[in-house]
Amino acid sequence: MTAPPNVLLLHMKKILLILLACLYTVCLLAQQTIFTKNQTGAFPIVAGLPRLVGGKKAPPIYVSANDHWLVQKAAALLQTDIEKITGVKPDTSHAIPQSTSIIIGSLDQSALINQLVQTKKLRVDSIKGKWEAFQLQVIRKPWPGVEQALVIAGSDRRGTAYGVFELSKQLGISPWYWWADVPVKTSPELWYNSSVKQFQSPGVTYRGIFLNDEAPALSQWSKATFGGFNHLFYEKVFELLLRCKANYLWPAMWGNAFYDDDTLNPVVADQYGIVIGTSHHEPMLRAHDEWRRYGTGKWNYDSNEMQLKKFWEEGIRRKRNYESIVSVGMRGDGDMPMSQSSNIALLERIVTDQRKIIANVTGKDATATPQLWALYKEVQDYYDKGMRVPDDITLLLCDDNWGNIRKLPKWNAPGRAGGYGIYYHFDYVGGPRNYKWINTNTIARTWEQMHLAYEYGVNRIWIVNVGDLKPMELPISFFLDYAWAPSQYQTDQVRAYTADWASQQFGNERASLIGPLLSRYTQYNSRRKPELLSPDTYSQVNYQEADNVVYQYRKLAAQADSIGRLLPASYQDAYYQLVLFPIKASANLNAMYAAAGKNYLYAKQGRAATNDLADSVRKLYLNDSQLTIQYNKVLANGKWDHMMDQTHIGYTYWQQPPVNKMPEVKTITPQGQASMGVSIEGSEAVWPNDSVTATLPALNNYTSPGLQYIDLFNRGTTPFTYSIETNSWLLFSAKSGQITKEERISFFVEWSSVPIGKHRVPITITGPDNNKVTVYAVLEKLEIPGRNFNTAAECNGYISMEANQYAKSIDERNTQWKHIQYIGRTSDGVTIFPTSPRSFSFKPTTAHLEYDLYTTDSGATKVMVYCSPTLPFNESTGLRYAISFDNETPQIINLHADNSEKAWAQSVSDNIRISPSTHNLSKAGRHTLNIWAVDPGIVLQKIVIDWGGVKQSYLGPPAFDAPGCLKNF
């Protein structure tokens with residue numbers, strides 16, 4: 001009997017779905033590198049023995065006896081890593097393998113690897129002759145009687161070590177297992193997917209970190225833990241660097257000297273293959289503090305040349321044959337500019353003399369010793385004025401200490417033998433203010449700036465100032481991952497980085513929840529560094545700004561708390577360090593400053609709750625200390641004592657305060673009898689007030705859902721009752737009740753009941769002794785024909801839009817608009833790719849963004865475009881965009897029209913650069929605002945159009961329908 005056609009079709013669909021599911025599973029397994037159960041053809045790293053209940057076996061690890069110390073060490077660490085995961089410790093051997101095995105070796109020294117190459121069992125074309133390259137693959141029958149081997153081969157010692165640690169990471173060992181107490185996820189078995197053949201090599205030659213500004217936290221912690229910055233301390237740093245595929249270090253230098261403090265420091269660095277350098281103001285591998293210890297005379301080449309030469313000779317002599325990069329040039333003593341009498345000719349002579357020292361001491365031409373010249377601060381000015389150094393010296397370009405790159409090579413500039421590098425900052429001591437306490441660096445901004453660097457050919461050195469190392473774990477990981485493989489990180493991959501990193505630290509189950517927490521807290525922290533916060537940073541009355549900021553942090557902290565409670569006990573220490581502490585401490589600090597600001601306002605308004613706000617500030621200040629104690633004294637049984645000693649509250653100028661100091665608070669003595677006060681959104685005034693009418697900011701049916709508030713408060717100590725009467729269009733959270741101290745009454749508009757047009761709706765509030773206050777709500781119901789989802793309507797004399805709220809984006813063949821998630825202070829950013837210079841003209845097909853607007857005003861119109869504080873890295877007088885309304889001729893706007901020191905200081909303090917333009921609209925109604933692409937590198941964040949209604953705030957007016965808006969009702 002034949003089945004009906006519909007039944008056959010149903011069966012065929014089921015079979016197709018099953019086949020697709022199987023194919024999907026096969027594809028997933030093909031991509032997966034490590035299995036915890038045996039799969040067909042997989043290589044057993046640790047496997048169960050079928051005849052022995054609970055028995056497991058690990059193939060031995062083979063390393064040639066003549067291979068590098070670092071390769072031997074990496075193999076030993078892999079042995080330990082496998083034991084941590086499975087409980088089984090593989091044997092190690094130097095002999096020729098006799099059974100299934102893991103073989104580790106370098107092409108330049110491993111007899112085992114070279115034998116496999118000579119017998120054509122192993123092809124190494126993909127890594128041979130390359131810098132720090134490695135490959136992992138399973139080969140069959142490498143020797144007679146040996147069925148298979150997992151081979152980790154490196155082009156050199158570091159390449160081999162990176163291959164080993166790449167396997168460890170894929171097995172489940174986080175690079176931060178020691179530095180952040182990330183637990184190891186155990187598994188009884190481990191299998192390597194034999195079909196996977198991995199090849200990797202770095203995109204940037206030297207990739208590293210600078211331990212700087214390390215007092216009081218890292219210095220005190222290292223003394224308590226290791227006795228100081230000795231080889232025991234640095235061994236932990238070196239292993240971390242290798243597990244992060246880094247190879248370069250500027251050691252701690254505040255009162256410390258790497259070579260002088262412990263003579264084993266450079267020995268151990270060489271064993272681990274870590275290239276040692278010194279900072280931009282420590283030439284010839286001599287630490288700054290060594291001049292205090294051993295220098296004679298002034299740090300001045302004009303007057304003290306011979307003593308300085310002797311001092312520098314010792315720096316080159318003691319480096320021996322260890323890998324290093326020698327900083328050349330000279331700054332003033334203590335990382336200060338040299339005297340005004342210094343000139344280019346003198347500095348060029350200094351570099352020439354330093355190179356003679358290098359050649360004389362090493363017995364080789366100076367070109368054989370890697371060197372760098374850091375164009376830091378005023379040194380870049382010397383370069384711009386014509387100073388040059390020999391071609392083999394790497395030009396180390398720098399950011400402005402705030403994550404904004406100052407200079408890049410000209411596009412397609414002729415190559416230099418020494419190439420170019422970047423010195424970047426996650427931590428800084430200096431103006432406009434130190435930022436040392438906690439991570440404030442977004443992955444998005446780091447990626448965007450370093451992407452510029454890489455695209456412009458900066459690929460010799462990437463080094464980043466990481467302060468105390470902790471708590472910069474996340475940005476350090478990203479910086480080094482990105483330096484290793486720049487081509488793998490396009491914008492879409494960057495969006496997923498925090499989730500991937502969270503998975504590496506906490507497992508897959510919660511990674512999708514933890515990743516956004518990491519992205520969001522760094523975005524919030526980057527709005528304004530904690531050290532720059534003050535009670536008046538965020539407006540207390542306009543746009544609910546301070547309340548919104550506190551709410552957003554509080555919500556994030558609550559999410560972090562709830563996720564943390566779901567994690568096993570073994571993850572709690574790591575979670576506190578990497579997620580919970582930075583979020584809760586940042587939320588607490590912002591709440592404290594906002595409470596102090598509200599305390600000042602309440603005192604001014606005479607509210608009985610003023611003293612409660614003062615108490616709240618005190619409690620939040622105390623809570624900061626308690627969070628610190630938890631980190632220092634309790635976390636990991638006190639392992640990280642002193643690591644959070646950095647002061648961060650009470651700055652009055654650029655330098656840190658000696659101790660934390662709570663913001664000042666005000667107290668008042670309330671009157672005895674009840675006295676009703678009324679305050680409204682958008683004003684500091686208090687009613688009853690005969691001189692000013694209480695009028696709320698206007699609302700319309702397109703800009704917002706209509707949520708507003710009125711505060712009823714008591715100036716006395718006796719409670720009072722109140723009632724509210726108003727139009728039925730307004731729906732209140734409460735219309736009557738009793739006030740002891742204060743109550744915020746929220747309301748929204750039932751727009752379906754409101755007629756078209758503008759309305760002034762009275763809200764009458766009756767308090768004690770029948771005293772009445774009338775507040776007016778201004779409602780405007782608009783009807784916008786043809787409105788689309790992204791039409792922004794004017795309200796209160798302005799329009800505010802996030803840059804990504806455009807109605808249409810127009811790309812060109814060689815210019816595309818791209819989003820960068822989390823890069824904005826309040827949302828994402830928009831920029832153009834590629835980053836190469838471009839010619840432009842203004843045609844309908846020219847790359848631009850179109851914003852759909854509906855205005856109720858016309859005439860003089862001011863537009864403020866909020867952009868990331870990018871610097872004119874392209875040797876121009878400023879980065880430019882163009883702007884126009886409708887069909888008017890576009891205006892070219894220079895983002896750096898004011899490129900003064902004052903303008904720069906404000907832009908980095910506020911983490912935004914705002915550029916204005918003025919226009920004239922002939923009529924109200926529908927308009928199109930166009931933002932035209934001119935120069936690459938500009939990241940648009942926000943656009944505010946002002947007809948005189950914009951009020952003071954830090955973040956600017958909220959964009960229409962902005963996500964994350966505070967909900968009071």
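The values are calculated or read from the model by the stated rules, or taken from the named source; none is laboratory data. If you're wondering where the values come from, they're calculated on a predicted model, not measured in any experiment. Note that each Cβ is placed from the backbone with ideal geometry, even for glycine, and that neighbours are counted across all protein chains shown.
List of remarks:
- Yes/no for Q816 being of a type in the set (S, T, N, Q), in contact with a strand residue (DSSP E or B) (Cβ under 8 Å, 6 or more places away or on another chain) and not in a loop (DSSP other than H, G, I, E, B): yes
- Subset of the stretch 898-924 [within 28 Å of the chain's Cα centre (by Cα) and of a type in the set (S, T, N, Q)]: N899, S900, Q906, S907, S909, N911, S915
- Verdict on D500 being part of a helix (DSSP H, G or I) and under 30 Å from L622 (Cβ atoms): no
- Hey, I583 β-branched (V, I, T), in contact (Cβ under 8 Å) with a residue 12 or more places away in the chain and surrounded by fewer than 23 Cβ atoms within 10 Å (Cβ to Cβ) or not: no
- Condition met for V124 (under 16 Å from K197 (Cα atoms), within 38 Å of the chain's Cα centre (by Cα), buried (at least 23 other Cβ atoms within 10 Å of the Cβ) and of a type in the set (A, V, I, L, M)): no
- Scanning the stretch 804-816 for residues that are touching a Phe, Trp or Tyr at 6+ places or on another chain (Cβ under 8 Å) and crowded, with 20+ Cβ neighbours inside 10 Å turns up Q805, Y806.
- Where strands (runs of 3 or more DSSP E) fall entirely within the stretch 339-427, those with at least 1 residues that are among the β-branched types (V, I, T) and in contact with a Pro (Cβ under 8 Å, 6 or more places away or on another chain) are at 394-398.
- Exactly one residue among S539, S562 is assigned to a helix (DSSP H, G or I) and outside the structural domain of G829 (by TED's automatic domain parsing), and that residue is S562.
- Test result for Q671, within 30 Å of L589 (Cβ to Cβ) and either buried (at least 17 other Cβ atoms within 10 Å of the Cβ) or not aliphatic (A, V, I, L, M) (or both): no
- Residue under evaluation G786, criteria (1) in a strand (DSSP E or B); (2) at positive phi; (3) in contact (Cβ under 8 Å) with a residue 40 or more places away in the chain, criterion not met: (1)
- Test for T667: is it assigned to a loop (DSSP other than H, G, I, E, B), within 42 Å of the chain's Cα centre (by Cα), under 20 Å from G606 (Cα atoms) and touching a residue at least 60 places away in the same chain (Cβ under 8 Å): yes
- When residues of the stretch 674-716 are limited to those that are modelled with pLDDT of 95 or more and acidic (D, E), the one surrounded by the fewest Cβ atoms within 10 Å (Cβ to Cβ): E684
- Qualifying residue in the stretch 487-508 (condition: closer than 29 Å to R913 by Cβ, free of Cβ contacts under 8 Å to residues at least 60 places away in the same chain, in contact with a Ser or Thr (Cβ under 6 Å, 6 or more places away or on another chain) and crowded, with 21+ Cβ neighbours inside 10 Å): yes
- The stretch 613-628 residues that are assigned by TED's automatic domain parsing to the domain that holds A595 and assigned to a helix (DSSP H, G or I), paired with ones that are of a type in the set (G, A, S) and buried (at least 20 other Cβ atoms within 10 Å of the Cβ) (beta carbon under 6 Å, 6 or more apart): L613/A595; S616/A595; V617/A595; V617/A596; L620/A591; L627/A585
- Segments classed as strands (runs of 3 or more DSSP E), wholly inside the stretch 153-236, with at least 2 members that are crowded, with 24+ Cβ neighbours inside 10 Å: 206-211
- Some residue of the stretch 623-642 being surrounded by 15 or more Cβ atoms within 10 Å (Cβ to Cβ) and under 25 Å from S539 (Cα atoms): yes
- Verdict on T440 being within 25 Å of N212 (Cα to Cα), surrounded by 23 or more Cβ atoms within 10 Å (Cβ to Cβ) and touching a Leu at 6+ places or on another chain (Cβ under 9 Å): no
- Residues satisfying the stated conditions in the stretch 911-938, i.e. surrounded by fewer than 19 Cβ atoms within 10 Å (Cβ to Cβ) and either hydrophobic (A, V, I, L, M, F, W, C) or in a helix (DSSP H, G or I) (or both): I914, A924
- Yes/no for V146 being closer than 27 Å to K470 by Cα, aliphatic (A, V, I, L, M), in the same structural domain as Q98 (by TED's automatic domain parsing) and surrounded by fewer than 20 Cβ atoms within 10 Å (Cβ to Cβ): no
- In the stretch 719-732, the residues that are farther than 19 Å from Q673 by Cα form Cβ pairs under 6 Å with partners that are part of a loop (DSSP other than H, G, I, E, B) and β-branched (V, I, T), at six or more places apart or across chains, as follows: W729/V754.
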